Amino acid sequence: MRVNPIAIFLSRQGFVMLDGGLATEMEKNGADLDDELWSARMLIEAPEMIRRVHSAFLRAGADVIATATYQASFSGFERAGYGQKQAECLMRLSVDLAVLARESFWAQKQNRHNRIRPLVAASIGPYGACLHDGSEYHGNYNLTRQQLIDFHRPRMRVLADTEADLFAFETIPSKLEAEALLELLKEFPDKHAWLSFSCKNAREVSHGEAFSECVNLAERSDQIVGVGLNCTAPEWVNGLLETVGEQSTPLVVYPNSGEQWKSGDKEWTGQACDSLPATEWYDRGARLIGGCCRTSLEAISQMRSDLLRHVG
């Protein structure tokens, strides 16, 4: 197995700064993502926009940029009129765009000052994300573990054969789907991943299992380099972290901005937090920290600054 790609960040910097809302920044740049493919639609319509947003997050301080494959699947591309070969090429393009942004950023000497060469994470969203109906926030799919493995395998096989440094298993709503992904990860022994759950309150993941129970799954795999939560209300983060006992796997935290998604109306409501308390999460054990939906470039930059002062 390759060397744990985040180890150098933890040993030299004390934390890993994740990126923020890729789709959010693309929408600010005029992208219309009201589509079953969501951000993956831009792989078809505006790939250069994806590269520019990745570059912007790197300049804002992200140590990791996640590819535009969260909601990409062979079945989703097929429904949009793209065959298997075309879908595979688009998934590979997502990694190529992130790698190009990383290499262009790192080629500039001024960007290497007090920085470690950033990573590219291949985003793997849950089965529910590819249904485009909000079911990633409850996980009631009525599928077996083997059916989930069979769904995720084709996309993971493609993304494993790219220059991505690791997988990001994101917004996983249930213990069952996490177990399926961990079982499937064994088929790619040279790959690492982080595993993060969507949560519905300060104690439980979206499907209802205890967050602490789901986090403990990471101890079963030496391929998992981080475990925690994302796409979750920030006010629940501290409570969720406090339910976790002592463990060896670093904790991952990248919640939403504070606004709430209403799937029926397909809109965000409520107010974003003035700032995300990254240092509080760090003090509760989080080491991979960033933002998910609706978190901005400015939020990532502020969290990085806060953490550097706090940890330094």
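The values are calculated or read from the model by the stated rules, or taken from the named source; none is laboratory data. Quantities reported herein were computed from a predicted structural model and do not represent experimental measurements. Heads up, the Cβs are rebuilt from the backbone with ideal geometry, glycines too, and the neighbour counts pull from every protein chain shown. Only protein heavy atoms, including side chains, enter the accessible area calculation; ligands, DNA and RNA are left aside. Shrake-Rupley method; radii C 1.70, N 1.55, O 1.52, S 1.80 Å.
Being polar (S, T, N, Q) and part of a helix (DSSP H, G or I), is that true of even one residue in the stretch 56-74? Scanning the stretch 56-74 turns up no residue that is polar (S, T, N, Q) and part of a helix (DSSP H, G or I).
Condition check ((1) surrounded by fewer than 17 Cβ atoms within 10 Å (Cβ to Cβ); (2) out of contact with any strand residue (DSSP E or B) (no Cβ under 6 Å at 6 or more places or on another chain); (3) in contact (Cβ under 8 Å) with a residue 24 or more places away in the chain) across all residues:
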| residue | (1), (2), (3) |
| --- | --- |
| L184 | no, yes, yes |
| D190 | yes, yes, yes |
| L195 | no, no, yes |
| C199 | no, no, yes |
| V205 | no, no, yes |
| N216 | yes, yes, yes |
| E219 | yes, yes, yes |
| D222 | yes, yes, yes |
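Quick one: in the stretch 241-281, which of the residues that are in contact with a strand residue (DSSP E or B) (Cβ under 6 Å, 6 or more places away or on another chain) and at pLDDT 95 or above is farthest from V205 (Cα to Cα)? Filtering first and then ranking leaves A278.
In summary, Y141 fulfils each of the numbered conditions (1) touching a Gly at 6+ places or on another chain (Cβ under 8 Å); (2) open to solvent by 10 Å² or more (accessible area, probe 1.4 Å); (3) in a helix (DSSP H, G or I); (4) of a type outside the set (D, E, K, R) with the single exception of condition (3). Filtering the stretch 233-252 to residues that are touching a Ser or Thr at 6+ places or on another chain (Cβ under 9 Å) and in contact (Cβ under 8 Å) with a residue 40 or more places away in the chain leaves P234, L240, T243, V244, V252. Just for the stretch 82-138: of the residues that are crowded, with 21+ Cβ neighbours inside 10 Å and among the polar types (S, T, N, Q), which one is nearest to G226 (Cα to Cα)? Once the filter is applied, the top-ranked residue is S123.
Taking the numbered list (1) assigned to a loop (DSSP other than H, G, I, E, B); (2) farther than 25 Å from L131 by Cα; (3) not aromatic (F, W, Y) in turn, E48 passes all entries but (1). Restricting the search to helices (runs of 4 or more DSSP H) fully inside the stretch 161-267 and requiring at least 2 residues that are farther than 23 Å from F15 by Cα gives 175-185.
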